[in-house]
Amino acid sequence: MKQGLTRRESFLRCAALGSLRVVPGLGLLEAVSALEAHERNGSRKPTQWNEIGPFYKRLAPGNAQLRRPGDAGMPTTISGRVFDTRGEALAGAKIEIWQADDAGLYDLEGYRYRANLPADSSGKYSFDSVMPGHYPARVCQHIHYLVTTPGHKPLITQLYFATDPVFEGDPDRNYSRDPLVMSRELVRPVTLFGEPRAVHAKVDFDVVLERL
Ligand SMILES: [Fe+2]
């Protein structure tokens, strides 16, 4: 094999010569991209920083069930994993989140819609909440994150939703309508699921921390 082939070229040559087979119906380029992604395991980009804002409170409870029966707002489950930039899961990382309720209000007296959750042994976290409301000081719906674990830079960021009406269905083009949304990557797709009378939203948000 000549020197200097990229991994992709090498995989494609393998496919052409028969040493890599892809079943009919699975596109060759897609399959090779998946293979490349696995080989790259370890080169995750750190999650983009975003403002902490004025409403953070320390010592939030560890309860992942933020939504109570009867709460207004679209029931929304957020889940994801915490990684380092090499793609290693960060078990036990501390994920602090805080958000406005459906009416756009933060609980400043207590801890509604605030949580402090540990990532499990595979770096996973999850919480059950509602879609945050809009509030006058901000353009977009968002959930605040502070993620910490020993040996890594603390990550302060915010999660945004591709369904936010502010984006008018096109976050690629419109994400900067909120001047605080400096990265398209923080705007995540929303999946709807459940029964017609009990539709829930689901959002995945993995975060990647840099080592100190
Ligand atoms: Fe906020």
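Counting only strands (runs of 3 or more DSSP E) that sit completely within segment 72-138, those holding 1 or more residues that are among the aromatic types (Phe, Trp, Tyr), touching a strand residue (DSSP E or B) at 6+ places or on another chain (Cβ under 8 Å) and at pLDDT 95 or above correspond to 75-84, 94-99, 124-130. Scanning segment 8-50 for residues that are under 19 Å from the mean Cα position of the chain (by Cα) and either surrounded by fewer than 10 Cβ atoms within 10 Å (Cβ to Cβ) or modelled with pLDDT of 80 or more (or both) turns up Ser43, Arg44, Lys45, Pro46, Thr47, Gln48, Trp49, Asn50.
Contact map, segment 166-183: first residue open to solvent by 20 Å² or more (accessible area, probe 1.4 Å), second residue of a type in the set (Lys, Arg), Cβ cut-off under 8 Å, separation 6 or more or different chains; pairs are Val166/Arg177; Asp172/Arg184; Tyr175/Arg184; Leu180/Arg138. Of all residue pairs spaced 6 or more apart or on separate chains, those with beta-carbon atoms under 6 Å, a first member in segment 105-122 that is touching a residue at least 24 places away in the same chain (Cβ under 8 Å) and a second member that is within 12 Å of the ligand (Cβ to nearest atom) and among the small types (Gly, Ala, Ser) are Tyr106/Ala100. Val208 passes every criterion in (1) more than 16 Å from the ligand (Cβ to nearest atom); (2) at negative phi; (3) in contact (Cβ under 8 Å) with a residue 40 or more places away in the chain; (4) out of contact with any Phe, Trp or Tyr (no Cβ under 6 Å at 6 or more places or on another chain) apart from (4). On inspection, Val22 qualifies as farther than 21 Å from Gly133 by Cα, part of a loop (DSSP other than H, G, I, E, B) and either within 16 Å of the ligand (Cβ to nearest atom) or of a type outside the set (Asp, Glu) (or both).
The values are calculated or read from the model by the stated rules, or taken from the named source; none is laboratory data. These numbers were taken from a predicted model, which means no experiment stands behind them. Note that we place each Cβ from the backbone using ideal geometry, even for glycine, and neighbour counts take in every protein chain shown. SASA here: full protein model, heavy atoms, side chains in, ligands and nucleic acids out. Shrake-Rupley method; radii C 1.70, N 1.55, O 1.52, S 1.80 Å.
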